[in-house]
């Protein structure tokens, strides 16, 4: 039996630079790939960022009819439909607050507020933009400089993070907190500037739940495949099959598509 191929991609750092739009070279590579396989975009971000960063891909008719949108680690499953006017149809969605109960959810939010205030006091030169703690329904994203940060502020934070080990320190603080409170959540580094907090088991392998494993063969490309990265679990689940790839950025992703994936299934 010939299985259908589904190639899953992380977005930030894999298909695009952080919070930037997809480039033409990636559009060309994915358009060719979509002739031979279905494509899935699985990201820790919400739908608004998928639309913002991947609009040129979604506007391409060939890619659009062969793609699956899997925001928030795949706990949301949406497909784009239509011709000139695209309609996004959500087929499935999970809610973190329902899973954990409101009191537990609020306990996490309260701790994040405390840590945000602590971090601001600790680092006077930390750039601040707003929208620091974002409820994405199936996960919480904490970004110490704020989701509204521009590229220059993101670069500043990356430099400060390398100098002071900000995220390394605070991910351990968060892990110790949820362990002490017996809260069943997982904490991962999201992109270059944030943390993703979600119910244990709701990592990116959740995306595979939407597809019949007897009918599909899965591939994955991501850039955060280390143990604290949010691509780790999905990368690890597919690594033994030889169909999981860690990339250093969009340029290498194009090479992986052209020289590894297409050479196998094209």
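The values are calculated or read from the model by the stated rules, or taken from the named source; none is laboratory data. Note that this is a predicted model, so its numbers are computed, not measured. Because the Cβ atoms are built from the backbone with ideal geometry, glycine has one as well, and the counts that use them run over all protein chains shown.
Screening residue 157 with (1) buried (at least 18 other Cβ atoms within 10 Å of the Cβ); (2) over 30 Å from residue 63 (Cα atoms); (3) touching a helix residue (DSSP H, G or I) at 6+ places or on another chain (Cβ under 7 Å) gives one miss only, at (3).
Can you confirm whether residue 185 is farther than 30 Å from residue 21 by Cα and surrounded by 20 or more Cβ atoms within 10 Å (Cβ to Cβ)? In short, yes.
The sole residue among 171, 197 that is in a strand (DSSP E or B), within 18 Å of the chain's Cα centre (by Cα) and in contact (Cβ under 8 Å) with a residue 12 or more places away in the chain is 197. Inside region 212-231, residues that are part of a loop (DSSP other than H, G, I, E, B) and crowded, with 21+ Cβ neighbours inside 10 Å make up a count of 5. The number of residues in region 22-39 being part of a loop (DSSP other than H, G, I, E, B) and loosely packed, with under 14 Cβ neighbours inside 10 Å comes to 1.
Here is a yes/no grid of residues against (1) modelled with pLDDT under 95; (2) more than 19 Å from residue 184 (Cα to Cα); (3) buried (at least 16 other Cβ atoms within 10 Å of the Cβ):
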position: 104; (1), (2), (3): no, no, yes
position: 108; (1), (2), (3): no, no, yes
position: 111; (1), (2), (3): no, no, yes
position: 116; (1), (2), (3): no, yes, yes
position: 121; (1), (2), (3): yes, yes, no
position: 126; (1), (2), (3): yes, yes, yes
position: 131; (1), (2), (3): yes, yes, no
position: 137; (1), (2), (3): yes, no, yes
position: 142; (1), (2), (3): no, no, yes
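Tally up the residues in region 192-209 that are over 18 Å from residue 75 (Cα atoms) and out of contact with any helix residue (DSSP H, G or I) (no Cβ under 8 Å at 6 or more places or on another chain), please. Adding up the residues that qualify gives 1.
Return yes or no: is residue 206 surrounded by 18 or more Cβ atoms within 10 Å (Cβ to Cβ) and at negative phi?
Judged against the criteria, residue 206 is a match.
Across region 80-93, the qualifying residues are those that are touching a helix residue (DSSP H, G or I) at 6+ places or on another chain (Cβ under 9 Å) and not in a loop (DSSP other than H, G, I, E, B), and the one among them that is farthest from residue 203 (Cα to Cα) is 81. In region 182-194, of all residues being in contact (Cβ under 8 Å) with a residue 12 or more places away in the chain and over 12 Å from the mean Cα position of the chain (by Cα), the one that is farthest from residue 36 (Cα to Cα) corresponds to 183.
Which residue, of 130, 146, is part of a loop (DSSP other than H, G, I, E, B), touching a helix residue (DSSP H, G or I) at 6+ places or on another chain (Cβ under 9 Å) and at positive phi?
Matching residue, one of 130, 146: 146.
Residues checked against (1) on the phi < 0 side of the Ramachandran plot; (2) touching a helix residue (DSSP H, G or I) at 6+ places or on another chain (Cβ under 7 Å); (3) at pLDDT 95 or above:
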{"residue": "211", "(1), (2), (3)": "yes, no, yes"}
{"residue": "236", "(1), (2), (3)": "yes, no, yes"}
{"residue": "239", "(1), (2), (3)": "yes, no, yes"}
{"residue": "252", "(1), (2), (3)": "yes, no, yes"}
{"residue": "258", "(1), (2), (3)": "yes, yes, yes"}
{"residue": "265", "(1), (2), (3)": "yes, no, no"}
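Within region 40-67, the residues that satisfy the criterion of being under 17 Å from the mean Cα position of the chain (by Cα), farther than 17 Å from residue 18 by Cβ and either outside the structural domain of residue 9 (by TED's automatic domain parsing) or not in a helix (DSSP H, G or I) (or both) are 40, 67.
Could you tell me which residue of region 213-234 is modelled with the highest pLDDT, considering only residues that are out of contact with any strand residue (DSSP E or B) (no Cβ under 8 Å at 6 or more places or on another chain) and within 20 Å of residue 175 (Cβ to Cβ)?
Selected residue: 233.
The condition (being in contact with a strand residue (DSSP E or B) (Cβ under 7 Å, 6 or more places away or on another chain) and surrounded by fewer than 17 Cβ atoms within 10 Å (Cβ to Cβ)) is satisfied by just one residue among 93, 150: 93.
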